[in-house]
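The values are calculated or read from the model by the stated rules, or taken from the named source; none is laboratory data. Just so you know, these numbers come straight off a predicted model, no measurement behind them. Cβ atoms come from the backbone with ideal geometry, glycine included; neighbour counts cover every protein chain shown. These accessible areas exclude ligands, DNA and RNA; they are computed on the full protein's heavy atoms, side chains included. Shrake-Rupley method; radii C 1.70, N 1.55, O 1.52, S 1.80 Å.
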Amino acid sequence: MQPFDIHIPTRIFFGTQKADVFAEALAGLGRHAFVVLGGGSVEKLGFYSQVTDLLDRKNIRHTTFRGIEPNPHAGTVNKAARLGKDAGVDFVLAFGGGSVMDASKAIAGLIHEDEEDIWPYVLGGAKHNTMAGALPVATIPTTAATASEVTMHAIISKPDVQGKAPVSYPFLKPAVSWLNPAFHTSLPLETTRDGASDILSHIFENYLLGGNDSPLADRYSEGVMETVMTTLPLVEKDPGNENLRGDLLWASTMALLGLQQSGRTPAPFRMHNLEHALSGYNPDLAHGRGLATIYPAYFRWLNREGRLQDRLAQLGHRLFDIAPSGDRETDALSFITAFEQWLRDNGLYQPLSDVGVPEKAFGGIADYALETYGDGQQLDVDGPLTRDGIIEIFEMTEMQG
Ligand code: NZQ
Ligand code: ZN
């Protein structure tokens, strides 16, 4: 086991029945909530009024901002923060997917700092690492995907410069989150699939690059993966099933709660670095879809380079019951092939050119990833990943479909 410290400050409520205690906890955060919403789904589905009723019952005033877009834009965050500041809100309640939760964290920070623009605060920006605090944040996630309901990250996009990068501070971790599977039963299939891919990728990032010092973290991670891989096909057949939705939702939180890497070397999130560069280039690309597209190619690239084959082979053995052959490369390839089949069966296997990223853009996207997340020359994936390597991985996706 490697030494570690984990701080999980978020009070998590799970289940429809937890509405009242959640509202009670919100009352402890302040008297005026800034409710932040996405593009309208939670209002159309009738969920918004359920939440404002809860606030009313606890005599919590509320001001609402509507219109956070997927891959939330810095400009929208800035606009919302101005509105919240003028209204005198004292905490932020995010009600939506990862984009709404991330935007809410950024808004909470911007109001606290009494600043106008979030973009200088992202990784690589002039004010990176200078944020001093944030208003308290509460969340109600409506996707099973990002785990933003427990993480310290807010990932913000700026379409005019094709940028996408994180603002990350421990004080951005939500104080309270309510995981209510009833808000998930109407989630479109495509978004459900994208979310499942994101959950798996959070586990992969830690599992592959974190080393093998924690057998318990391995088993925990495999349990989350197993749950996602068996539950997604069941949800596709029975999308309104709250139990199944709840399984995916809790898996999404557990995938990035911190426990998944306990006792391992903390791993850099390399495929996330590349994916953020991809959805920075194309803001219509869903994060989970981008990840599903590059993962199989990344696995194949690693195996070709002779890297992390033990970890890939272990996944094959544990997740797909593949008996070890005695040859690491063969075993790693057996896992990759089985995983690709799972992606294909679940509508998640395609080339980058099918998700709005043409080959002519690969070089520029690699440059952005290296500048923002590397040292300009390389990223580290158990050895260097240079511009050529990134482009190779992107090109290898073109064999998928
Ligand atoms: O905007 P609305 O109308 O709500 O529609 C959304 C959006 O179009 C829709 N949706 C959400 N809940 C729904 C629903 N539609 C029907 N019923 C519901 N219950 O789903 C669409 C996608 O929403 P979005 O929030 O963009 O998806 P997701 O949850 O996957 O979040 C993606 C964002 O989170 C970031 C990603 O980079 C991306 O920007 N991430 C944040 C992380 C973090 N904070 O720790 C970690 C992740 O790795 C990730 O990077
Ligand atoms: Zn992710």
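So how tilted is helix 242-254 from the main axis of the chain? Cα-based, degrees 0 to 90, rounded to 10.
That works out to roughly 80 degrees.
How much accessible area per residue does the chain have, in Å², with a 1.4 Å probe?
Using a 1.4 Å probe on heavy atoms only, each residue of the chain averages 39 Å².
Determine ³J(HN,Hα), in whole Hz, for all residues of the stretch 282-293 in sequence, where each value follows from phi through the Karplus function 6.51 cos²θ - 1.76 cosθ + 1.60 and θ = phi - 60°; x replaces Gly and Pro.
Result, ordered by residue: 10, x, 8, 7, 5, 3, x, 5, x, 5, 4, 6 Hz.
Please tell me the relative contact order of the stretch 1-104 in percent, rounded to the nearest whole number, where contacts are Cα pairs under 8 Å and at least six residues apart.
35
Give the residue list of trypsin sites (Lys or Arg not before Pro) in the stretch 116-205 that are DSSP loop and have at most 16 other beta-carbon atoms within 10 angstrom. Could the numbers behind the result be given before it?
Details: sites: 127, 164, 193; in loops: 127.
Sparse-neighbourhood loop trypsin sites (Lys or Arg not before Pro): 127.
How high is the relative contact order of the stretch 183-271? Use alpha-carbon pairs under 8 Å, at least six apart in sequence, and give a whole percent.
About 47 percent, as a whole number.
What list of ³J(HN,Hα) couplings, whole Hz, do you get for the stretch 261-271 from phi and the Karplus terms 6.51, -1.76, 1.60, once you set θ to phi - 60° and write x for glycine and proline?
Result, rounded to whole Hz: 10, 4, x, 9, 5, x, 9, x, 8, 5, 5.
Please give every one of the aspartates and glutamates within straight-line cross-link reach of residue 44, meaning a C-alpha to C-alpha distance under 17 Å, and leave out same-chain neighbours fewer than 8 residues apart.
53, 69
Relative to the longest principal axis of the chain, what angle (0 to 90°, nearest 10) does the C-alpha long axis of helix 74-87 take?
Result, in degrees: 20.
How about residue 164: which lysines have a C-alpha closer than 16 Å to its C-alpha, ignoring those fewer than 8 places off in the same chain?
105, 127
Calculate what fraction, in whole %, of the accessible area of the chain sits on carbon and sulfur atoms when a 1.4 Å probe is rolled over the protein chains.
Values: 7800 of 15450 Å².
The value for the chain is 50 percent carbon and sulfur by accessible area.
To the nearest 10 degrees, how steep is helix 387-396 against the longest Cα principal axis of the chain, on a 0 to 90 scale?
Relative to the chain, helix 387-396 is tipped by roughly 80 degrees.
Can you give the % of DSSP beta bridges in the chain that are antiparallel, to the nearest 5?
Values: 9 of 31 bridges.
Close to 30 percent.
Taking Cα pairs under 8 Å and at least six residues apart, what relative contact order does the chain come out at, in percent? Intermediate results must be reported in sequence, preceding the final value.
Numbers: 780 pairs, mean separation 59.9, N = 401.
With pairs under 8 Å counted, the relative contact order is 15 percent.
Report Rg(Cα)/(2.2 N^0.38 Å) for the stretch 296-401, keeping two decimals.
Ratio of Cα Rg to 2.2 N^0.38 Å: 1.15.
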